[in-house]
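Derivation of every value follows stated rules applied to the coordinates shown; laboratory data play no part. These figures come from a predicted structure and were not determined experimentally. As a convention, Cβ positions derive from the backbone with ideal geometry for all residues, glycine included, and neighbour counts pool all protein chains shown.
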Amino acid sequence: MTARHVATPAAGSRRRGVAVPLPRDWSELAARDVWLVVAGVGVVIAAMWVRHGGPARDPLTAIGEVTALGGTYAALLGVLFASRAPWLDQVMGTDRLREIHRWLGFVSVWAIVAHSIISTLAYAGGSLGQTLPMAVTLVQTVPGMLGAVVGTGLFLLVAVSSVRAARRRLPYETWHGLHLYAYLAIAFAFLHQLTIGNDFIGDRLAVAFWIALYVVAFAPLVVYRVAWPVYLTWRHRPRLRAVVSEADGIVSLYVEGRDLDRLAARSGQFFVVRALTLREWNHGHPFSLSATPNGDYLRFTVKLFGEGTRALAALPPGTPLLLEGPYGAMHGARRTGRRLLLVAGGIGIAPIRSLAEGFAFRPGDMDLVYRTRGVRETALQRELDALAAYRGINLHYVTGQRGEPRVGEDPLGPDALRRLVPDAADRDIYLCGPNALMERARSALLALGADPHRINLELFG
Ligand SMILES: Cc1cc2nc3c(=O)[nH]c(=O)nc-3n(C[C@H](O)[C@H](O)[C@H](O)COP(=O)(O)OP(=O)(O)OC[C@H]3O[C@@H](n4cnc5c(N)ncnc54)[C@H](O)[C@@H]3O)c2cc1C
């Protein structure tokens, strides 16, 4: 198949008088609203603890209870923030959700470990020497306690495997597989709370409240990470149409399906793509749309990074796929002004290319900066050139190794960006690419005076 996507305007298809759907952007909600609800629920949990006589207990027992409640609440929030619920994704942003989920994970694990130690010490009357024998007695005599110990162990395993140094060494599948044990750990925590938790014993309202918290945390996870992808796949039957080479180690995956004109997605968004084959079904890959959805196909442009992406590129046409999404808040609905600056690093060009195609703008009102280490890694160049000529985009290739005279020491630093786009700070800005490079570009733009609210960022992890 030849690349036949060059600068074609989106099909803008209409059927039975119904416009092509777009995902809701939830702009009526702000992150502050989410945090207010989180804080409100925290206050209710604290109030229930006070009502149940928490502050009147001896200090060790009280601290043990507070760490248990705080740890459980953090774990449930962690589940909710990993649910990929569209409203959370749009309001908080995918990157921020990932970072918050990570921190909530660590907070919950350390709080639950602290709870286990401090509460056992409290049962042992504050005697360090009696703590271990007391732990054994509790496991033997209290229903649900063995599960709690196993749950805490699982939490620890997940936390240790998520420390950056460990994560870098583990294959993604192994890390992700271990990560799923956190759900089992939460189930054990729930049983433990049912049998021994002060907020459960004898207070029906508190029981109902906590059960509601578990439901609110887990229901979106089941809906959006299981039911929705299954529905989407059943509805649109996505399958691989073709794999097209774009540059050294970079290919485009063309995905066809049924009624793709009814699939609500925006330029700049991403899907988690999974090949439904025996070997690949358990590894989903987040890939951004590299062309505006046009009703005929979806296109993802992919750097062959590890085994998973290489396996995808070798799949035969017709392979069925499972799609999860669309996700990501780096899209046109975040635009606030007329002039635009798009900055891509490496394979970050994928969503930037679809944004450049999808935006409405006057010739000259968009600058696109594309940073790569070499010409051979510069993907989609021909179609970018065509798009720039056709739509009037000021296209800047920043190609070469750092330190080379034509790119300088800091190719996306404040001086370099100001030289390329003198009014960079006064535009809506869209950044995408590897974390370190994009963080540097973001800092440079802030140093130039850009409004942080007008900087839209997607990191590729
Ligand atoms: C929001 C987002 C959008 C992305 N869009 C693109 C794109 O358009 N084109 C492109 O080439 N790459 C994109 N990536 C990166 C891409 O997902 C990974 O490079 C790819 O999944 C690597 O898989 P692998 O099996 O080849 O390598 P592996 O060796 O299995 O993984 C290498 C690294 O890729 C990351 N990764 C792998 N799977 C996942 C996953 N399911 N979720 C999050 N991170 C994962 C992890 O950091 C992992 O350590 C995107 C990443 C994110 C987070």
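If one takes the longest principal axis of the Cα atoms in the chain, at what angle in degrees, from 0 to 90 and to the nearest 10, does the Cα axis of helix 145-162 lie? Once rounded, one gets 30 degrees.
Taking the alpha carbon gyration tensor of the chain, what are the square roots of 5 times its eigenvalues, largest first, to the nearest whole Å? Show your work: numbers first, answer last.
On the way: eigenvalues 432, 117, 93 Å².
Three semi-axes, in Å: 46, 24, 22.
Taking amide H as placed 1.01 Å from N in the peptide plane, Glu246 has its amide H under 5 Å from the amide H of Val251, Ser252, each at least 5 places away in sequence or on another chain. What translational diffusion coefficient, to the nearest whole µm²/s, does segment 237-327 have by Stokes-Einstein, given a Kirkwood radius computed over alpha-carbon pairs, a temperature of 20 °C and 1.002 mPa s viscosity? Estimated diffusion coefficient is 166 µm²/s. Amide H contacts of Phe460 (H built 1.01 Å from N, in plane; Pro and chain starts excluded): Gly433, Asn435 sit under 5 Å, all sequence-distant by 5 or more or on other chains.
Assign unit charges at the C-beta atoms only (+1 for Lys and Arg, -1 for Asp and Glu), then state the dipole size of the chain relative to its Cα centre in Debye, rounded to the nearest 20.
Dipole size: approximately 960 debye.
Quick check for you: which residues of segment 338-362 have the amide N under 18 Å from the point 7 Å beyond the Cα of Asp451 toward its beta carbon? Within reach of a label on Asp451: 338-342. Close amide H contacts of Leu170 (hydrogens built in the peptide plane, cut-off under 5 Å, sequence separation of 5 or more or a different chain): none are found. In terms of packing, defined here as the mean over residues of other Cβ atoms within 10 angstrom, the peptides 450-460, 365-375, 37-47 line up highest first as 365-375, 450-460, 37-47. Against the main long axis of the alpha-carbon atoms of the chain, helix 435-447 sits at an angle near 80°. Across segment 353-360, rounded Karplus estimates of 3J(HN,Hα) from the backbone phi angles (6.51 cos²θ - 1.76 cosθ + 1.60, θ = phi - 60°) give 4, 6, 5, 4, 6, x, 5, 8 Hz, Gly and Pro being marked x.
With the largest listed first and rounded to whole Å, the semi-axes of the equivalent ellipsoid of segment 332-459 from the Cα gyration tensor are 20, 18, 13.
Could you compute how fast segment 72-217 diffuses translationally, taking Rh as the Kirkwood radius over C-alpha pairs and applying Stokes-Einstein at 37 °C with viscosity 0.692 mPa s? Give it in µm² per second. Roughly 198 µm²/s, to the nearest whole number. The stretch between Leu157 and Arg419, if pulled fully straight at 0.36 nm per residue, gains 89.4 nm over its current Cα-Cα span. Roughly what % antiparallel, to the nearest 5, for the DSSP beta bridges in the chain? Taking every DSSP beta bridge with both residues in the chain, the antiparallel ones total about 50 percent. The simple spin-label model puts a point 7 Å past each Cα toward its Cβ; for Arg32 and Ala212 those points are separated by 2.6 nm.
Candidates Phe218, Val142, Ile349 compared by Cα position along the dipole of the chain: farthest toward the positive end lies Ile349, with charges placed on Cβ. Computed from Cα atoms, the angle from the helix 59-81 axis to the main principal axis of the chain rounds to 30 degrees.
Counting only C-alpha contacts under 8 Å and six or more residues apart, can you give the relative contact order of the chain as a whole percent?
On the way: 774 pairs, mean separation 64.8, N = 461.
Value for the chain: 14 percent.
Going by neighbour counts of Cβ atoms within 10 Å, the residues Val142, Val79, Val34 line up, fewest first, as Val142, Val34, Val79. Computed 3J(HN,Hα) for segment 109-117, one whole-Hz value per residue from the Karplus formula 6.51 cos²θ - 1.76 cosθ + 1.60 where θ = phi - 60°, is 5, 5, 5, 6, 5, 4, 4, 4, 5, glycine and proline marked x.
Listing Ser119, Ser108 from the residue with the fewest other Cβ atoms within 10 Å to the one with the most, what is the order? Walk me through the intermediate numbers first.
Details: Ser119 22, Ser108 27.
The order, fewest Cβ neighbours first, is Ser119, Ser108.
Sequentially through segment 211-225, phi angles give Karplus couplings (6.51, -1.76, 1.60; θ = phi - 60°) of 4, 4, 4, 4, 5, 4, 6, 8, 4, x, 4, 5, 5, 8, 9 Hz, Gly and Pro residues having no value and appearing as x.
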